[in-house]
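Here the structure comes first, spelled out in structure tokens, and everything after it is commentary.
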Amino acid sequence: MKNTYFTVGPSQLFPTLEQHIHEAIEQQIGSMSHRGKAFENIFSSTVLQLKTLLSIPEDYFIFFVSSGTEAMERTIENVVEKESFHFVNGAFSQRLFDTAIELGKHAQKIEAPLGEGFDLTSMQKGVAGEEGLPGARTELREGALTGGKRPTGPRIPQETELLCFTHNETSTGVMLPSKEIAMIKKHHPDKLIAIDMVSSVPYGNIDFSFADIVFFSVQKLFGLPAGLGVMVVSPQALEKAKYLQKKGVSIGSYHNFPTLKFYAEKNQTPETPSVLHLYLLNKILEDLLAIGINRIRKQTDEKATLLYDFFDTHQKWNAFVKEKTFRSPTVIVADVGEDQTALMEQLKTHGMILGKGYGTYKDTQIRIANFPSLSKKDIENLISLLHNYT
Ligand SMILES: *Cc1c(COP(=O)(O)O)cnc(C)c1O
């Protein structure tokens, strides 16, 4: 019996992937030169399909790196000289913050408790105050962030160069409303904005024109094996990297933005890349475009509703994220307490593999991927087994 992977990455492979891999072997993709025409065609087609699927502006750059984690380092290195500001509400947003610290930047953060988001709407008012708009607060209040509690945490400092968001915090199942992230950028047009969308692209519907760096990796919603990261970079972010380079600030070597751009313009990469991965991503993009982005989003919402409805009406178990506006449709996290181990074991005997909780919740929570590779039927089967757990 083959397993079905509801794990949050790597996860269930896209149903067509096996066929694509067979074709790749037949076409001897593994021996293809990364400096030849055939590769350049794969590269340009992948870029074009990504831009089409996600409505990415024409003048934005698409760079290929090795992972989401690499993209975090490239983000800080290429556009931050000294100051970054981070919205931290879990392990992945914290990782980006830590990366900035490790690279010697002066990084500051505002934190929300695990399982919660930020009240970005109230923050815009506070933020506007800094810019002298009448009647607005001048402090970023955590109360505003967590629903009216205490004021703590720094305001977005004037000297911040980059604002960092994690759109979907995979460790806790919190998704931030992308329209509100856009509003923050509107109030800070002078600052660059980076969004980790590793576990929300292509479901996440953002207006790329306000974002400067968006990154993701392919083992989450694209249903591919791990090992390829994608960065979407604005012309402004590229300019910043060039400016820092000229100033003598280290922006890294083979994967700095100017070098990546130099090769991307030739439909190539600086290094010998994982050609097989790019080939497969191109094929999966073709499949996703055929399904249609609206349908993908709608199906994701429908499946998420089934899962949240189940946990909301369960006698013992609960969805971890209480506030509905912050509930991630792509990563559903539930508190199952002491049932966790036995529950996961029981599901495993039916070939269903769930994710454990993250960090402090690793023994009391389950995490369920609701990715496009998992059908409504898969989710219904899972719910039925959860329902029958004894
Ligand atoms: C998985 C994940 C990452 C790390 O990506 P890798 O490709 O594993 O390096 C970063 N951010 C988020 C939100 C993730 O879910």
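Restricting attention to region 227-245 and to residues that are touching a Phe, Trp or Tyr at 6+ places or on another chain (Cβ under 8 Å) and either among the basic types (Lys, Arg) or in a helix (DSSP H, G or I) (or both), the residue that is farthest from LEU192 (Cα to Cα) turns out to be LYS242. If the condition is being open to solvent by less than 10 Å² (accessible area, probe 1.4 Å) and touching a residue at least 40 places away in the same chain (Cβ under 8 Å), then region 213-227 contributes ILE213, PHE215, PHE216, SER217, VAL218, LEU221, PHE222, GLY223, LEU224. Taken over region 246-269, the criterion of being assigned to a loop (DSSP other than H, G, I, E, B) and over 24 Å from the mean Cα position of the chain (by Cα) is satisfied by GLY248, VAL249, SER250, SER253, GLU265, LYS266, ASN267, GLN268. Among the residues of region 92-108, those identified as at negative phi, away from the ligand (no atom under 16 Å from the Cβ) and without any contact (Cβ under 8 Å) to a residue 40 or more places away in the chain are ILE101, LEU103, LYS105, HIS106, ALA107.
When region 35-63 is filtered for residues that are assigned to a loop (DSSP other than H, G, I, E, B) and open to solvent by 40 Å² or more (accessible area, probe 1.4 Å), the ones remaining, listed by number, are ARG35, SER55, GLU58, ASP59. Scanning region 57-71 for residues being in contact with a strand residue (DSSP E or B) (Cβ under 7 Å, 6 or more places away or on another chain) and within 11 Å of the ligand (Cβ to nearest atom) gives a total of 6. Going by what's in this entry, would ALA107 be described as at pLDDT below 95 and open to solvent by less than 50 Å² (accessible area, probe 1.4 Å)? When the stated conditions are applied, ALA107 does not pass them.
No other residue among VAL218, VAL233, VAL201 is within 11 Å of the ligand (Cβ to nearest atom), within 19 Å of GLU58 (Cβ to Cβ) and either of a type outside the set (Phe, Trp, Tyr) or within 14 Å of the chain's Cα centre (by Cα) (or both) apart from VAL201.
Cβ-Cβ under 9 Å, sequence separation 6+ or interchain: first residue in region 294-305 and touching a residue at least 12 places away in the same chain (Cβ under 8 Å), partner buried (at least 16 other Cβ atoms within 10 Å of the Cβ) and charged (D, E, K, R). Which pairs? Note: pairs meeting the criteria are LYS303/ASP378; ALA304/ARG327.
Listed by first and then second residue, the pairs with beta-carbon distance under 7 Å, at least 6 apart or on different chains, first residue in region 331-360 and free of Cβ contacts under 8 Å to residues at least 24 places away in the same chain and within 16 Å of the ligand (Cβ to nearest atom), second assigned to a loop (DSSP other than H, G, I, E, B) and not aromatic (Phe, Trp, Tyr), are LYS356/LYS362. Each residue in region 72-91 was checked for being of a type in the set (Asp, Glu) and either within 16 Å of the ligand (Cβ to nearest atom) or buried (at least 22 other Cβ atoms within 10 Å of the Cβ) (or both), and 2 pass.
Scanning region 228-269 for residues that are under 22 Å from HIS34 (Cβ atoms), without any contact (Cβ under 8 Å) to a residue 60 or more places away in the chain and open to solvent by 50 Å² or more (accessible area, probe 1.4 Å) gives SER253, TYR254, PHE262, TYR263, GLU265.
The values are calculated or read from the model by the stated rules, or taken from the named source; none is laboratory data. Quick caveat, the model's predicted, so the values are computed rather than measured. Ideal geometry is used to build each Cβ from the backbone, glycine not excepted, and the neighbour counts take in all protein chains shown. When the accessible area is computed, the model is the full protein with side chains, heavy atoms only, and any ligands, DNA or RNA have been set aside. Shrake-Rupley method; radii C 1.70, N 1.55, O 1.52, S 1.80 Å.
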